[in-house]
Amino acid sequence: MKPAFFFIFLLIGQNLFAQENESEAYHEARMKLTIPPYGLAKVKTLISKINGGEDDESGALDSKVYTGLSLREKFTYHMIHAESYSQICDAEPPIQEEHKKIFANLPDAFGEQNWSARQKDFFLEHKDSVIEIMKESIARTNKVGLNFKLAIIEMNGISIIPALLETYKKNTTTKDLDILTTFMLLMTENKYEPFLKSASFTKLYSDDADYMAFLNYNKANEDLIIQRVTAFYNAQRK
């Protein structure tokens, strides 16, 4: 092989390796949870004493113990522990160039566990308090964990959109594209007509769309999602 061709192949190989590493690093960042500090040691100890199983609610904290927790301790509990078991499909293979994709949906945060009805009720019943606690954390860490994003969707937490926008715009080096996904899911949940009529919605959420559908991450798609969610948020305030 001539030296020039060898050099070209070497550069291509190095570039592919770098992109693969970047994709893997981004995947790890996507899956990170925000761990609240409120009574964390206490909550972890209580969770460690739960007898798990494959029945619904089998991983639930005893009702009397749960009732004795403060609101912030309950928040910590829900953010780090899902009570219900759910059968999931085989693990998906690694996603190529994950850092270049704005997905239609968020990944699962707890593997084979899901939040139980009791946990989902907590988010809804204490929505305003939960959102304020989240805002405190986001302002402190400048990050939005996967568990936060899923809870925001669960609560239909429209009021936290400005905090998410601010955080997204601050992180200029590695973008958290799942914040954009969260925006699109909120617009879909609330049947925001300008988004429902868009080509993006058809590609991501129509009956024929794949669950793993995505938009390519580029400035045009980024700007369009931000413009739409800003207009959506402003419309909700009227």
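What follows draws every value from the coordinates through simple rules; no lab data is involved. This one's a predicted model, so the numbers in the text were calculated from it and none came from an experiment. For neighbour counting, all protein chains shown are included, and Cβ atoms are generated from backbone atoms with ideal geometry for every residue, glycine included.
Per residue of segment 34-50, in order, report the coupling 6.51 cos²θ - 1.76 cosθ + 1.60 (Karplus, θ = phi - 60°) as ³J(HN,Hα) in whole Hz, putting x for Gly and Pro.
8, 9, x, x, 6, x, 4, 4, 4, 5, 4, 5, 5, 5, 5, 9, 6
Tabulate in residue order the Karplus-calculated ³J(HN,Hα) for segment 190-206, using 6.51 cos²θ - 1.76 cosθ + 1.60 with θ = phi - 60°, rounded to whole Hz; enter x for Gly and Pro.
9, 6, 6, 4, x, 7, 4, 8, 7, 5, 4, 4, 4, 5, 9, 10, 5
Could you please rank His27, His78, His126, placing first whichever residue has the fewest other Cβ atoms within 10 Å of its Cβ?
By the 10 Å Cβ count, ascending, the order reads His27, His126, His78.
Please check: in the Gaussian network model of the chain (C-alpha springs, under 10 Å), which one of Ser23, Ser63, Ser137 has the largest mean-square fluctuation.
Checking each option, the largest mean-square fluctuation is seen for Ser63.
Mind checking segment 130-238 for chymotrypsin sites (Phe, Trp or Tyr not before Pro) that DSSP puts in a loop (not H, G, I, E or B) and that have at most 14 other Cβ atoms within 10 Å?
Hits after loop and neighbour filter: Tyr211.
Which of Val65, Val43, Val130 moves the most in a Gaussian network model of the chain with Cα springs under 10 Å?
Comparing Val65, Val43, Val130 in a Gaussian network model of the chain, the most mobile one is Val65.
If you take the charge dipole of the chain about its Cα centre, with +1 on Lys and Arg Cβ and -1 on Asp and Glu Cβ, which of Thr167, Pro37, Pro107 is farthest toward its positive end?
Checked the options; the winner is Thr167.
Lysines within cross-link reach of Lys127: Cα-Cα under 17 Å, excluding same-chain residues under 8 positions apart?
Counting by Cα, and skipping residues close in sequence, Lys127 has these lysines nearby: Lys74, Lys135, Lys149.
Taking the Cα centre of segment 121-238 as the origin and placing charges on Cβ (Lys, Arg +1; Asp, Glu -1), which of Gly157, Leu204, Ile138 is farthest toward the positive end of the dipole?
The Cα lying farthest towards the positive end belongs to Ile138.
From the phi of every residue in segment 147-162, what ³J(HN,Hα) in whole Hz does the Karplus formula 6.51 cos²θ - 1.76 cosθ + 1.60 yield, where θ is phi - 60° and glycine or proline is x?
So the Karplus estimates, Gly and Pro as x, are 4, 4, 4, 5, 5, 4, 5, 4, 8, 6, x, 4, 5, 8, 3, x Hz.
For a quick check: with amide H placed at 1.01 Å from N, whose amide H comes under 5 Å from Ala213's, ignoring anything fewer than 5 positions away on the same chain?
Those lying under 5 Å, H to H, from Ala213 are Ala104.
Given Cβ point charges of +1 (Lys, Arg) and -1 (Asp, Glu) and nothing else, what value in debye, to the nearest 20, does the dipole of the chain about its Cα centre take?
1100
Computed from these coordinates, which is P(r) over Cα pairs in 5 Å bins from 0, in percent: [x] 1, 6, 12, 15, 17, 15, 13, 8, 6, 3, 2, 1, 1, 0, 0, 0; [y] 1, 7, 15, 19, 21, 18, 13, 5, 1; [z] 1, 6, 11, 14, 13, 10, 9, 8, 7, 6, 5, 4, 3, 2, 1, 1, 0, 0?
Computed from the coordinates, P(r) over Cα pairs in 5 Å bins from 0, in percent corresponds to [x].
Restricting to lysine pairs 8 or more places apart or on different chains, what number in segment 156-238 have Cα atoms under 27 Å apart?
Total qualifying Lys-Lys pairs in segment 156-238 comes to 16.
Can you give me the long-range amide H partners of Lys101? Hydrogens built in the peptide plane at 1.01 Å from N, cutoff under 5 Å, separation of 5 or more residues or another chain.
Tyr217
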